[in-house]
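FYI, it's all coordinate maths here, none of it is from the lab. All values reported here derive from a predicted model rather than from experimental measurement. Neighbour counts are summed over all protein chains in view; Cβ atoms, including those assigned to glycine, are modelled from backbone coordinates with ideal geometry.
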Amino acid sequence: MQHKIKKVDVHLVSTPITGGFADATRKVEMIGYTVVRITTDQGLEGIGVTYHEVGGEATRELINRNMAPMLIGRDPLESEGIFNEFFHYLRGVGRKGLMYCALSAIDIALWDLKGKIVDLPLYRLLGGSRTKVPVYSSGGWTSYSDDELVAEMQSMVARGFSKIKFKVGVEGGTNPRRDVQRVQKVREAVGPNIDLLLDANNCWDAATAVQVANRVREFDIYLFEEPVFADDIPGLAKFKRGTDIPLGTGEHEYSKFGVRDLVMAEAVDILQVDGARVGGYTELLKAAAIAQAWNIKFAPHAMENIHLQLVAAVPNGLFLERLLMFEDITGMLFRNAPVPIDGFMHIPDLPGLGLELDMDFIKDNDETGRAE
Ligand SMILES: [Mg+2]
């Protein structure tokens, strides 16, 4: 039975972030989801999301005004063709950024629909057999005191996580000596058997980043993330030549072309593209394949509920990231989002993404139509 897309709904929900959280290069004041629901003439609904700290209204408008009308009447199985049409339709205004966020949300909804049309969880449709995936806990803002940082890291371990990530680059990256002290305190607090991941959020030049990496090396660091500006691809490559701590990057990269550039420059060990930005499942699959061809691990940034099925399916899928900051709003957005158990996320035995939106929460909090 052929399905045709009949309706596209877009919702915007957000929540203020209180507490003055900051990493090395920015403060976080709010987070939000743009939610896309694509309904077929047979009554099936696919859901996709992207998220934002700023600019959600623009993403919503782009989908509503320019993209949704192009989907009406289309066969949702034609995701490659739809992706390429949008790419060329919108290429002059954004081959990165908010346009790709909008495209990502639509593409994720199309893939959710595909799974529902064939009545299979996505990992099965993609050829996977794993039903659970390791997940690490992620937080540890630079705005925390040392005691707050250590307490949060200990609470992650107490919740069953064996891999934990925190921010470095305190005082805007101007005081690496303090970063080294903080890494030492966390290592001493959690003991030798926990994998520590560090995230510098773009704050240093390559020379400083290498110096910091070499100073924290004795504390057994599993991964060093975004040590330099994400677009400083030569700097990332220089970082890799200066330390043996594996380099994670990619959360600010868009499209398979961005992935190609990172890989070709030997500027990544663990690829961290984010499906809600990089171009949905269509582009995630290509990113994972490019990484596999260079024997690079694939560990997408955040959005663990969206990435779960894909990381389970691809051979180089390493683990998922669960940001503490998103736990509340994600728990409200979905009725059945899987909760990590002993550091693993288990795939729900449901078709598509296996996620059910909480429409009561969305209706009560949808910013669409409100005075802004
Ligand atoms: Mg990061």
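Quick notes on this structure:
- Ordered by the count of other Cβ atoms within 10 Å of each Cβ, fewest first, H346, H11, H307 give H346, H11, H307.
- Amide H contacts for V135 (H built 1.01 Å from N in the peptide plane; partners 5 or more residues away or on another chain; cut-off under 5 Å): L320, F344, M345.
- Computed over the chain, the per-residue total of -39500 (n - 2.57) for DSSP H runs of n ≥ 4 gives a 222 nm mean residue ellipticity of -12000 deg cm²/dmol, rounded to 500.
- Summarising the amide proton neighbourhood of K297: residues at separation of 5 or more, or on other chains, whose placed amide H is nearer than 5 Å comprise L271.
- Helix 176-190 axis, angle to the chain major axis (alpha carbon atoms, nearest 10°): 80
- For segment 163-168, putting each phi into the Karplus relation 6.51 cos²θ - 1.76 cosθ + 1.60 with θ = phi - 60° gives couplings of 10, 9, 10, 9, 8, 10 Hz, in residue order, rounded to whole numbers and with x for Gly and Pro.
- Per principal axis, descending, Cα span of segment 55-118 in whole Å: 34, 21, 19
- Approximate spin-label separation L324-N84, in nm, with each point projected 7 Å along Cα-to-Cβ: 4.6
- Of all DSSP beta bridges in segment 124-346, antiparallel share, percent nearest 5: 15
- The relative contact order of segment 124-346 comes to 22 percent, based on Cα pairs under 8 Å that sit 6 or more residues apart.
- Across the chain, counting alpha-carbon atoms alone, Rg and Dmax equal 20.1, 63 Å.
- With the highest mean first, a sort of the peptides 116-123, 359-366, 101-108 on other beta-carbon atoms found within 10 angstrom per residue produces 101-108, 116-123, 359-366.
- Greater than 25 Å apart at Cα, pairs in K132/K238; K7/K116; K256/K297: K132/K238
- For segment 281-372, the calculated P(r), taken from all Cα-Cα distances in 10 Å bins from zero up to the bin holding the longest distance, is 15, 40, 30, 12, 3, 0 percent.
- Stretched out straight at 0.36 nm per residue, the stretch from S162 to Q42 would grow longer than its current Cα-Cα span by 38.8 nm.
- Computed over the Cα atoms of segment 124-346, the ratio of the radius of gyration to the Kirkwood radius (Rg/Rh) comes to 0.95.
- Using a cutoff of 8 angstrom between alpha carbon atoms and counting only pairs six or more residues apart, the relative contact order for the chain works out to 19 percent.
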